[in-house]
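Have a look at the structure below before the remarks.
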Amino acid sequence: MRVSILTLTENGRKLGESLKTGLKDDPTILSVETLHRDIDFREVFSRSDMIIGIMAAGIMVRKIAPLLENKFSDPGVIVIDEMGRNVISLLSGHAGGANDFAVKIADILNANPVITTATDVNGLVGIDSFAARYFYVILDRHLVKHFNSSIVEGHTVELHSSRNLGPLIDGELSRTYRYMMDGDEIVRAQCNSEVMRLAPLKVSVGIGTRRGVESSRVTGAIVEALGLLKLPPRGSMHWQQVT
């Protein structure tokens with residue numbers, strides 16, 4: 001994930017640098033850049049996976065409004081007040097991951113996460129949030145609204161696949177999702193008389209080499225990183241040694 005932190009005031013700049021430090025060890029983040037005042041919002045919007053604006057929500061809305069395309073391709077957008085009290089998921093809360101990331105940032109800043117999507121405020125997980133968390137592409141996007149409204153109404157989602165999804169169905173997911181081992185790697189989600197297909201993305205693991213490092217140490221580090229993402233070490237993984 002490529003994260004951009006945008007600030008307009010001196011207090012905001014200081015908070016942004018503090019937040020950047022808090023995110024530096026997150027294994028899901030490839031890079032974090034901070035930009036202060038002179039900001040090309042169009043350029044940032046095109047190259048970022050997650051945008052964090054330490055500014056008034058209205059400023060961010062006006063800046064990004066002409067840039068919006070659709071909920072499946074737009075980056076997640078979060079705004080924070082310069083005192084670091086409220087972390088607001090503003091755009092792409094599900095598919096873009098802004099809801100989950102807002103909660104993560106709030107934990108770092110000891111702030112209040114502000115989430116407004118119906119599934120989340122009811123302690124539920126939308127089908128597009130599930131797909132984003134666990135690296136699936138939704139093949140039947142037109143069904144997302146049906147699934148999420150059905151989830152809010154209390155319907156169960158059955159996930160049919162040959163991949164073992166059982167370890168993923170815990171905590172808040174267990175309120176809505178059930179796993180059935182059948183079919184193939186394509187997940188067929190069934191809910192309220194509709195079937196949605198989710199295709200797994202391939203996750204690449206690059207491994208550098210250094211003399212004297214035991215293989216068990218390398219393997220352990222990889223398994224630990226995958227565990228943080230709740231990904232199995234086999235199946236959808238592509239391994240590449242870098243020499």
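Derivation of every value follows stated rules applied to the coordinates shown; laboratory data play no part. In this text, all values refer to a predicted model and were calculated from it rather than measured experimentally. Cβ placement follows ideal geometry from the backbone for every residue including glycine, while neighbour counts extend to all protein chains displayed.
Look at the alpha carbon pairs under 8 Å that are at least 6 residues apart: their mean separation over the length of the chain gives a relative contact order of 13 percent. Beyond 24 Å, what share of the Cα-Cα pairs of the chain remains, rounded to the nearest whole percent? Distances greater than 24 Å cover 52 percent of the Cα pairs.
Contact order, relative form, for the stretch 86-211: 22 percent (alpha carbon pairs under 8 Å, 6 or more residues apart, mean separation divided by residue count).
Please compute the length gained on full extension between D38 and R178, using 0.36 nm multiplied by the number of residues separating them and subtracting their Cα-Cα distance. If you can, show how the numbers build up before the last one.
Values: separation 140, 0.36 × 140 = 50.40 nm, distance 4.84 nm.
Result: 45.6 nm gained on full extension.
The phi torsions of the stretch 30-37, fed into the Karplus equation with coefficients 6.51, -1.76 and 1.60 and a -60° offset, translate into couplings of 7, 7, 10, 10, 10, 10, 10, 6 Hz, rounded to whole numbers, with Gly and Pro shown as x.
Counting only other residues whose beta carbon sits under 15 Å from that of N122, what net charge do I get with K and R as +1, D and E as -1?
Values: positive: R175; negative: D120, E153, E172.
Net charge around N122: -2.
For Y177, the residues whose amide H sits under 5 Å from its own are V157, ignoring neighbours fewer than 5 places away on the same chain, with H placed 1.01 Å from N.
The reciprocal of the average 1/r between distinct C-alpha atoms defines the Kirkwood hydrodynamic radius, which for the stretch 61-178 equals 15.3 Å.
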